[in-house]
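Asks: Quick one: structure below, then a few questions.
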Amino acid sequence: MSRDCTDYRDIFLNDRPMMDARAPIEFLKGSFPGVVNLPLMNDHERQRIGTCYKQQGQQAAITLGHQLVSGDIKAERIRAWADFARAHPDGYLYCFRGGLRSQIVQQWLKDEAGIDYPRVGGGYKAMRTFLLETVDQAIAQCDFVLLGGMTGTGKTEVLTQLSNGLDLEGHANHRGSSFGKRATGQPSNIDFENRLAVDILKKRARGIEQFVLEDESRAIGSCALPLPLFQGMQQFAMVWLEDSLEGRVERILRDYVVDLCAEFIAVHGDEGFGLFSERLLASLNNVQKRLGGERHRRMLILMEDALAEQAKSGAVDLHRGWIEGLLSEYYDPMYAFQREKKGSRIEFAGERAAVLEYLRERGNRQG
């Protein structure tokens, strides 16, 4: 029988190809970057076997499993596993705990296709534990700096230019504000945590021991930051990014109107603009209570006029009206309060070039 691999560090550092033999419902709750789901059993089969196991015990459940996954169904699944194994000779297979399901897949691959394919010892559970520990160890052992700043200063753009930047919003596929939803959905919370952990693991393997990340609330859309990281963020040193109101309006116009609209059209085709408009209006309605009735009505009129003009001519100039209003009347007072509250932790403030230079020098000093 093939060896089990328990070198989880090697698996994630080198993006080893993996096939996940768990049922689709398990895979959707959480998996790892780049993994392919090729289940031994589909959701319905897994449910029936689970019920049988509870009522009649393990042996009866195994017997039922062999009945459900037999004949053409079995042949088709073995063919899919064999195709994966041949395409990825350096890969692995796994199930939840590295137990019966992955053993069966491994045995059938060997018996029916003549392929001796290795498993991940401990399965999904052991790899997930390894990644959670990776984040915990980094928080305990590394230096972290938060990047703060008013809405629209381009914090993500700065992070992506730093070799030691952790793009939390990128991993969550969300821009972090009430307007942050993208045209494509967010990962599950487990997937988000796993992506972040792999990013940290790879950066530490390159010798990085200081990380820069954006000052965020616990939730980035539907994704939640790992609690130890969020707790650490209440004490980390801060750098504050500054830009003019005009510069911020232009950046938000590009990110949340021009680029987001293009993204919706790329994903949804002819329905894209309508869905983009709905998303923008819904985002404004999300902050209606905090804006207050009069301000919300005023900005809603500006946004509806801007969307109507954009639909008619493609021009986006009118969007500047609601963007500037939302920044100066809603976001800026909120962020000014945050800056004052966190003032003692801010060790540097400046515009993009100065902040980039400071953070790079700081990273070199730490290194």
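The values are calculated or read from the model by the stated rules, or taken from the named source; none is laboratory data. Note that the structure is a prediction, hence the values are computed from the model and not measured. Glycine gets a Cβ as well: all are built from the backbone with ideal geometry, and neighbour counts include every protein chain shown. In case anyone asks, the SASA skips ligands and DNA or RNA and just uses the protein heavy atoms, side chains included. Shrake-Rupley method; radii C 1.70, N 1.55, O 1.52, S 1.80 Å.
Asks: Hey, among the residues in the range 149-195 that are touching a strand residue (DSSP E or B) at 6+ places or on another chain (Cβ under 7 Å) and hydrophobic (A, V, I, L, M, F, W, C), which one's farthest from D243 (Cα to Cα)?
Replies: Once the filter is applied, the top-ranked residue is F192.
Asks: Considering only the range 285-319, how many residues are open to solvent by 80 Å² or more (accessible area, probe 1.4 Å), part of a helix (DSSP H, G or I) and not polar (S, T, N, Q)?
Replies: Residues meeting the conditions: 9.
Asks: Still on this structure, I have one more. Assuming R16 fulfils every condition listed in (1) open to solvent by 50 Å² or more (accessible area, probe 1.4 Å); (2) assigned to a helix (DSSP H, G or I); (3) closer than 21 Å to I190 by Cβ; (4) not aromatic (F, W, Y) apart from one, which condition is it?
Replies: Looking at each condition in turn, R16 falls short on (2).
Asks: Filter the range 190-202 down to the residues that are under 19 Å from S217 (Cα atoms) and free of Cβ contacts under 8 Å to residues at least 40 places away in the same chain and list them by number.
Replies: Result: F192, single match.
Asks: Among the residues that make up the range 71-88, is at least one of them over 26 Å from the mean Cα position of the chain (by Cα) and part of a loop (DSSP other than H, G, I, E, B)?
Replies: No, the range 71-88 has no match at all.
Asks: Exactly one of these conditions fails for G207: (1) part of a helix (DSSP H, G or I); (2) open to solvent by 30 Å² or more (accessible area, probe 1.4 Å). Give me its number.
Replies: With respect to (1) part of a helix (DSSP H, G or I); (2) open to solvent by 30 Å² or more (accessible area, probe 1.4 Å), G207 is out only on (1).
Asks: In addition: Given V258, V249, which one is open to solvent by 40 Å² or more (accessible area, probe 1.4 Å) and closer than 19 Å to G180 by Cβ?
Replies: Of the residues listed, the single one that is open to solvent by 40 Å² or more (accessible area, probe 1.4 Å) and closer than 19 Å to G180 by Cβ is V258.
Asks: Going by the conditions given, is S313 modelled with pLDDT under 95 and farther than 20 Å from K181 by Cβ? Steps first, please.
Replies: Working: modelled with pLDDT under 95: no; farther than 20 Å from K181 by Cβ: yes.
Criteria not met by S313.
Asks: Can you tell me how many residues in the range 19-48 are in a helix (DSSP H, G or I) and out of contact with any strand residue (DSSP E or B) (no Cβ under 7 Å at 6 or more places or on another chain)? Explain how you work it out, then say what you get.
Replies: Going through the range 19-48, the residues in a helix (DSSP H, G or I) turn out to be 24-29, 43-48.
Now restrict to residues that are out of contact with any strand residue (DSSP E or B) (no Cβ under 7 Å at 6 or more places or on another chain): 25-26, 28-29, 43-48.
Residues flagged as in a helix (DSSP H, G or I) and out of contact with any strand residue (DSSP E or B) (no Cβ under 7 Å at 6 or more places or on another chain) within the range 19-48 amount to 10.
Asks: So for the range 103-116 (the condition being open to solvent by 50 Å² or more (accessible area, probe 1.4 Å) and either touching a Phe, Trp or Tyr at 6+ places or on another chain (Cβ under 7 Å) or among the polar types (S, T, N, Q) (or both)), does at least one residue qualify?
Replies: yes
Asks: Can you tell me which residue is least open to solvent (accessible area, probe 1.4 Å) among those in the range 40-90 that are more than 17 Å from S102 (Cα to Cα) and of a type in the set (K, R)?
Replies: For the range 40-90, the residue satisfying everything is R48.
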